[in-house]
1. Among residues belonging to segment 313-347 that are in a helix (DSSP H, G or I) and among the polar types (S, T, N, Q), point out the one that is farthest from Val22 (Cα to Cα).
2. Any idea how many residues of segment 318-353 are surrounded by 13 or more Cβ atoms within 10 Å (Cβ to Cβ) and without any contact (Cβ under 8 Å) to a residue 60 or more places away in the chain?
3. Out of (1) surrounded by 20 or more Cβ atoms within 10 Å (Cβ to Cβ); (2) within 15 Å of the chain's Cα centre (by Cα), the odd one out for Lys33 is which?
4. Before we move on, is Leu235 in contact with a helix residue (DSSP H, G or I) (Cβ under 9 Å, 6 or more places away or on another chain), among the aliphatic types (A, V, I, L, M) and within 13 Å of the ligand (Cβ to nearest atom)?
5. Based on what the data block shows, is Pro11 more than 12 Å from the ligand (Cβ to nearest atom) and outside any strand (DSSP E or B)?
6. In segment 257-287, what count of residues is obtained for those that are free of Cβ contacts under 8 Å to residues at least 12 places away in the same chain and in a strand (DSSP E or B)?
7. Mind checking whether some residue in segment 201-211 is outside any helix (DSSP H, G or I) and either within 13 Å of the ligand (Cβ to nearest atom) or free of Cβ contacts under 8 Å to residues at least 12 places away in the same chain (or both)?
8. I want to confirm something. Restricting to segment 157-178 and keeping residues that are assigned to a loop (DSSP other than H, G, I, E, B) and of a type in the set (D, E, K, R), which single residue is surrounded by the most Cβ atoms within 10 Å (Cβ to Cβ)?
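The values are calculated or read from the model by the stated rules, or taken from the named source; none is laboratory data. Predicted model, so just to flag it, every value in this text is computed and none were measured. Because the Cβ atoms are built from the backbone with ideal geometry, glycine has one as well, and the counts that use them run over all protein chains shown.
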Amino acid sequence: MSKQVRVRFAPSPTGPLHIGGVRTALFNYLFAKKNNGVFFLRIEDTDQNRFVPGAEEYIMESLEWLGIAPDETIGKNEKFGPYKQSERKHLYLKYADDLINSGNAYYAFDTAEALDLHRKQHEEQGKTFIYNWHNREKLDTSLVISAEETAKRIAAGEEYVIRFKTPVDETLQLQDIIRGEVKFETNLLDDKVLFKSDGMPTYHLANIVDDHLMETSHVIRGEEWLPSMPLHVLLYRAFGWEAPQFAHLPLILKPVGNGKLSKRDGDKLGFPVFPLEWKTEDGISSGYREKGFFPETVINFLALLGWNDGTEQEIFTLEELVDKFDLNRVHKAGAKFDPEKNKWFNHQYLMKQSDSDLAEDFAPIVAEKGFSSFDCAQGDTLEMTKLEKIVSLIKERANFVSEFWDLSDFFFVAPTSYDEKARKNWKEETPALMQELISVLSEIADFTSVNIETIVKDWMTKNEIGMGKVMQPFRLSLVGALKGPHLFDIVELIGKEETIKRIETAIATL
Ligand code: GLU
């Protein structure tokens, strides 16, 4: 029987989660669910200097909002806990020691100043200093002194790091699920630091130890980690552990040009690059949630960044994605981020919402505009029915609930001005016609859209009045412009009294 699928999302809490990180989380989630496996979240906070308060909570909240919460994490099914590396601190030294004892790692005592000097000297000769097989025996390491001497220096409190002893002269031919075979020359790798004398492991050591202890079956992460893959595979080998399978996801590219979409691109390019808003003393970075995107929208557009199911289908629910997702269908080429298309996706999901849900989202906006009877808290069902009706008439033209007010304000307030261009439709004979229209309207008992339309049109036909002569000034009186949904739906909703009042105002003003 093959091993249980266990995949992880392993962010470092160094700030808000970038949308690329969310895509990584999503692909891990989809892969886990597709294979009846486990998706877990591990917080990689070994680099205390880069720790940002609030980032961990932000990550959790983002995944919750999107509906892709992990099965195991801090405080939830802690089968392999703790799920936070700073709380696993005590574990790692033993593994670093194991590597020393098996000859796969060594102590290095070079001071920061000494290393800086090496770097500078190399730079002066137009070279880059790289710490590896070609110079490690000329540097200040345990490889060139006795075990006793090494122990003495450590006991004396000298600062050290533990470095990986990268094997020499090997070509690694590794398999990546997305990229196929990838080759690396070990001679080109540097001897990465695995452990520091402050008692903290580096990312590389902690990541490998934890993936092993937490029984990770597949490592699915961004392409920026591909250069770390040879070291990681070599570490598994040095420990004598079976390595997980690797899949490196394609970069997410800026909407224009070829660069990678970065954290800084966000508000600079006019769209969020974070799932949720992030506030600091320096300002606010906008988030998809606060911009009025539905979580379903974000899931959908992220899923298509680097993956498709081989058909033309573009709209996928999370369940469908779980059903169809296949790592073998993820491409290696970078995927362009398309903020305009994302709005289109939101429109699709907006159209799928029920009118009552949309009305509920819209109600607080209406209440804020001064129509407190639409405040849901007051539970006025009559008003809510009306709001649902309004929403049903205008939603077609909106991408976001936040656009509803501008599309529907005339349902709530009479026009205070009239569109300049549309005024041309107000002619000499218009006031008299509008006066007649008022008489027709006031006679109507059953004031419903279809009935009003039939009666008004009958009146026009009988008196041989052209459609445009009435309909455009009529709309202008009610809306203030020649826009909006079906006119008689507006008439029904604002009611007889208000309709007549608006026509009278137009006659007096225009
Ligand atoms: N902590 C790394 C990050 O911030 C994890 C990379 C990996 O998945 O191995 O993305």
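1. Within segment 313-347, the match that is farthest from Val22 (Cα to Cα) is Asn328.
2. The number of residues fulfilling the criteria is 13.
3. Evaluating Lys33 over (1) surrounded by 20 or more Cβ atoms within 10 Å (Cβ to Cβ); (2) within 15 Å of the chain's Cα centre (by Cα) leaves (2) as the failure.
4. Criteria met by Leu235.
5. no
6. 4
7. yes
8. Lys165
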